[in-house]
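Here is the structure we will look at.
Computed from the coordinates by the stated procedures, all read-outs in this text should not be read as laboratory data. Small disclaimer: the values here were computed from a predicted structure and weren't measured. All Cβ positions, even for glycine, are placed from backbone atoms using ideal geometry, and neighbour counts span all protein chains on display.
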Number of protein chains: 2
Amino acid sequence: MANALTDTEHALMDAYWRAANYLSVGQIYLYDNPLLKRPLTKEHIKPRLLGHWGTTPGLNFVYVHLNRMIKKHDLDMIYITGPGHGGPGLVANAYLEGTYSEVYPNISPDEEGMKRLFTQFSFPGGIPSHVAPETPGSMHEGGELGYAISHAYGAAFDNPDLIVACVVGDGEAETGPMATSWHSNKFLNPVTDGAVLPILHLNGYKIANPTVLARISHEELDHLFRGYGYIPYFVEGHDPKQMHELMATTLDTVIAEIQRIKADARRDGFTGRPRWPMIVLRTPKGWTCPKEIDGKRTEDYWRSHQVPMGEMHDKPAHVRILEEWMKTYRPAELFDESGRLRPEIAELAPRGTRRMGANPHTNGGSLLRDLRMPDFRDFAVTVPAPGAVTAEATRVMGEFLRDVMKLNMQARNFRLFSPDENNSNRWQDVLEVTNRAWVAETYPWDDHLAPDGRVMEMLSEHQCQGWLEGYLLTGRHGFFSCYEAFIHIIDSMFNQ
Amino acid sequence: MANALTDTEHALMDAYWRAANYLSVGQIYLYDNPLLKRPLTKEHIKPRLLGHWGTTPGLNFVYVHLNRMIKKHDLDMIYITGPGHGGPGLVANAYLEGTYSEVYPNISPDEEGMKRLFTQFSFPGGIPSHVAPETPGSMHEGGELGYAISHAYGAAFDNPDLIVACVVGDGEAETGPMATSWHSNKFLNPVTDGAVLPILHLNGYKIANPTVLARISHEELDHLFRGYGYIPYFVEGHDPKQMHELMATTLDTVIAEIQRIKADARRDGFTGRPRWPMIVLRTPKGWTCPKEIDGKRTEDYWRSHQVPMGEMHDKPAHVRILEEWMKTYRPAELFDESGRLRPEIAELAPRGTRRMGANPHTNGGSLLRDLRMPDFRDFAVTVPAPGAVTAEATRVMGEFLRDVMKLNMQARNFRLFSPDENNSNRWQDVLEVTNRAWVAETYPWDDHLAPDGRVMEMLSEHQCQGWLEGYLLTGRHGFFSCYEAFIHIIDSMFNQ
């Protein structure tokens, strides 16, 4: 079988990945000397280190490979970073593709800008360590874990041309909200919604423990995701050379499969729930950092979760290790003398709004349009005398929401979300003009279920809130209804 | 193959089930005339109806079949009712087995007591509609859904002879906490812990929607639970006669499998994570209620979720339907003239504390013993002068917890719970005397993982809190540590 990548492509993609990794390590550690033109000393290193390396090389690996697919197929794709603590990686990629400097001109694509890029990270007056809202291309910060897939589906609803790539860390995969959110595929219409490409990133460890999904058999893992309704594709290994080829081949297959599903749905309409592909990416945690530090296992272990090595101002040996580590990325091959990414490498990034850091879907405000609204006065309950009329407030509001739905049906930018409580809360009139979204099996006696329904009901407040957040953050409108007894299940999501 | 049940057993078990169903319907509807000795009139019916029928016949079905296994093998078994809104069923069963009248003498095993049993349910001054704490044999109320399996595992930890049967509704199965709690089997030690027997009850509908797990293919469902690490056994149907035999056969298999796993573990010690059995029970929602009411599908549909039929005081036809429905259970065959359960039926229930309504594990207070505690003064940090000493409060507390753990190691009644934050919160000294519980795969370089570890770490605050609640409610002690940023994820659990 022919390789997915030519030798040149392979070398360039690896260079792009090394550049992202280099910039990530630089953000975590460096204060000065960004291109390592001078021997590294402790004065070049931040006094207090705070950032997460462990997940970052995997995130960078995914990013460059998605870039390849975007360019190859002119895809409209966004990147949701479940392990949002991998901020250095997403910032590095936005910088490499140019979006970062466009949004933040002070962080220019040169040595001075790179120094500022490094300095600002997790530093007073700088930027947070997570994929925060100020990160170009981010609509999901991470932090409180569990909502990446719900956000991804929320973004995909009513965006038929969008592919939402969503990296899920194996730590986050242990949370409850994440564990149920895989079932979102029972609510996604292949005709009128976009696609979600989940990438479960098994790097094996959390803060101080192995992860559950990395420690079950291959067979169980395969069963689990088939049970969730996906076709899992496995990309597993540690040798970058083999992994680039394997990831490229797999993405070729997976994107072709998504495009086939979409084409079939457009041609034939809805004919049943597709088994969407997903990727299981198993790489070492902290991939490409030193295997051991001070005699302790670091790469492929939980010790690389955050800053793999501290005490930089007390242990000169650590400064040497850092310098050697950063030089394994061969920065001189990646950046020219002025600190600019070499053009043949920069060429790998998509252009304009196809860059994942510049995709407008991740900047919902730029897409948001007002809903067309009926006059609320038309729904007033006439009360001729005190106590003369009995009416239910929510039922009246249901009529109002029905008309809001009707007025915006063409725009496809309004949905209702509820954990199976839409009707018992008396908002059922909205079902006069739409249905409940449902692409799982149906029976003839089912009540208002349809693939293109706009009322989203699953018995998970987390899921409903996550979908809603994803839908809103990509510039649409929604309404969440829930019993007052249970709405506080998602208090913490709301607060975050 | 020989039948699991003789004809006599079969008939008696069906009678027991009908008795439980009869008492459940009676609780939901009746105010008087409990044995239907007189023609039913609207005066015998409560003015306001509130209760959940849909899940109840399935819960009753499981109960009588578990009773058979308890008697057959002298099992120490408790029953966790995920769909805790099925209160009428659990109350009915506690009444049938005698525990209810022992705890509440006014609810006597006769006609007068039955009238009171019916009247008190969901009635001012009476009892709640859920499996509330006052229900004998209950340690899990339901209400806020998602924690049944976590509670079940919490109850099973350090109770090596206990089998915790746990019914999970297919509504609850959509919640996040439930979706991850299936992975609890990676933390259960077959040598020193008990067993959990999950029974996923697919009755197909929630309040007004179908359920996700009832609308995926058999193959996906099978894959899902194999992926979670279980061996699923399917009991599916609607004909009671066939279903009794199928359930009995399946339980014979499943209990034998649990006993084999336990015996192997006792003989050989820990040799790997067992694939525990679980049951998928698919029955019609509202099983045995009228198929249609007022021309609308009711049995096997969401309309039977709560009270299948209202307007009892306005529609005389509904009174007739209720009377006919209740008479399908043939109460005169079940209860004698005085209202007492006929002895040959009553004989099916286990005796004494083997009755699930009387098992002391569900009444933790009766088993709770004080922890042996070190003197906290011994852990004081000596501070010779203000500011002269640097110490971390949690690290000192870690030393204290280490000694608490050490002092109670023999009693096996103390565990720590944390979403992978035990060490980063600086309580790591406790690992000097115990390990983290872990029965999934291990590597030689793993750090303090062991099947009999007493520090429970999974990256799910819901799961940790659920385990802790199950552990405490069965009379043991625990400690939960979590970052302050994320502890409010389980605010609602705590409040409930």
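For the reader, a short list of remarks on this structure follows.
- Global geometry of the stretch B:208-276, whether rounded, prolate or oblate, following the gyration tensor of its Cα atoms and the 1.5 cut on a/c: oblate
- Along the stretch B:83-100 the Karplus relation, 6.51 cos²θ - 1.76 cosθ + 1.60 evaluated at θ = phi - 60°, assigns HN-Hα couplings of x, x, 6, x, x, x, x, 6, 5, 4, 5, 5, 5, 5, 7, x, 5, 4 Hz to successive residues, with x for each Gly and Pro.
- A:ASP74-A:ASP7 FRET efficiency (beta carbon distance; Förster radius 22 Å; 0.05 resolution): 0.35
- Backbone amide hydrogens, once placed in the peptide plane, bring A:ASN159 within less than 5 Å of A:GLY194, excluding anything fewer than 5 places away on its chain.
- Look at B:MET326, A:MET309 and count the other Cβ atoms within 10 Å of each Cβ; fewest to most, that gives B:MET326, A:MET309.
- Cα-based helix-to-principal-axis angle, A:7-29 vs chain A, degrees rounded to 10: 90
- Dipole orientation for chain B: of the candidates B:GLY113, B:GLY364, B:GLY470, B:GLY113 has the Cα lying most toward the positive pole (charges on Cβ; Lys, Arg +1; Asp, Glu -1).
- Exposure proxy order (Cβ contacts within 10 Å, fewest to most) of A:ARG226, B:ARG18: A:ARG226, B:ARG18
- Exposure proxy order (Cβ contacts within 10 Å, fewest to most) of A:ARG48, B:ARG354: A:ARG48, B:ARG354
- Summing +1 for each Lys or Arg and -1 for each Asp or Glu among the other residues whose beta-carbon sits under 14 angstrom from that of B:ARG226 gives -3.
- Beta bridges per DSSP with both ends in chain A, % antiparallel, nearest 5: 10
- Difference of contour (0.36 nm per residue) and Cα-Cα distance, A:ALA263 to A:VAL433: 58.4 nm
- Considering only A:THR211, A:VAL191, A:GLY229, and ranking their Cα positions along the charge dipole of the stretch A:178-241 that arises from unit charges at the beta-carbon of Lys, Arg, Asp and Glu, the one farthest toward the positive end is A:THR211.
- Shielding value for B:189-200 is 0, the average number of Cβ atoms from other chains within 10 Å of each residue's Cβ.
- With contributions of -39500 (n - 2.57) from each DSSP H run of at least four residues, the per-residue ellipticity at 222 nm computed over chain B stands at -10500 deg cm²/dmol.
- Extension gain from A:ASN106 to A:SER338, taking 0.36 nm per residue of separation minus the Cα-Cα distance: 82.0 nm
- Label-point separation in nm, A:ARG38 to B:LYS296, each point 7 Å along Cα→Cβ: 8.0
- Estimated vicinal HN-Hα couplings, Hz - the stretch A:383-389 in sequence order (Karplus 6.51, -1.76, 1.60; Gly, Pro = x): 10, x, 8, x, x, 7, 10
- Total charge dipole magnitude, the stretch A:366-495, about the Cα centre, Cβ charges on Lys, Arg, Asp, Glu only, Debye to nearest 20: 500
- Within 10 Å of the Cβ of each residue in B:291-300, the mean number of Cβ atoms contributed by other protein chains is 1.
- Overall form of the stretch A:450-489 per C-alpha gyration tensor (a/c, 1.5; a/b vs b/c): oblate
- Computed over chain B, the ratio Rg/Rh where both radii use C-alpha atoms and Rh is Kirkwood: 1.02
- Extended-chain gain in nm, criterion 0.36 nm per residue less alpha-carbon gap, A:LEU50 and A:HIS238: 65.1 nm
- Note on B:GLN410 and B:LYS327: the model spin-label points, each 7 Å out from Cα along the C-beta direction, lie 6.6 nm apart.
- Grouping the Cα pair distances of the stretch B:11-131 into 10 Å bins from zero gives a pair-distance distribution of 14, 45, 33, 7, 1 percent in increasing distance order.
- For the stretch B:7-362, a crude dipole built from +1 on the beta carbon of Lys and Arg and -1 on the beta carbon of Asp and Glu, taken about the Cα centre, is about 240 debye to the nearest 20.
- Inter-chain Cβ neighbour average for residues A:485-494, partner chain, 10 Å: 5
- q = 0.04, 0.07, 0.08, 0.09 Å⁻¹, the protein assembly as shown: log10 I(q)/I(0) [Debye, one scatterer per Cα]: -0.21, -0.64, -0.83, -1.02
- Put a dot 7 Å past the Cα of A:TYR483, heading toward its Cβ, do the same for B:ARG275, and the two dots end up 3.8 nm apart.
- Residues whose placed amide H lies under 5 Å from that of A:LYS285, excluding near-sequence neighbours: A:ASP300, A:TYR301
- Cα gyration tensor shape of the stretch A:359-450, rounded if a/c is under 1.5, else prolate or oblate by comparing a/b with b/c: oblate
- Over 28 Å between alpha carbons, listed pairs A:LYS186/B:LYS285; B:LYS37/B:LYS71; B:LYS72/B:LYS327; B:LYS37/B:LYS291: B:LYS37/B:LYS71; B:LYS72/B:LYS327
- Its Kirkwood hydrodynamic radius, worked out from the mean inverse distance over all distinct Cα pairs, puts the stretch B:295-396 at 21.5 Å.
- Other-chain or far-sequence residues with amide H under 5 Å of A:VAL235's (modelled H): A:VAL280, A:LEU281, A:ARG282
- Against chain B, whose longest principal axis is taken from its Cα atoms, helix B:316-327 shows a tilt of about 70°.
- Antiparallel DSSP beta bridges within the stretch A:371-496, as percent of all bridges there, nearest 5: 0
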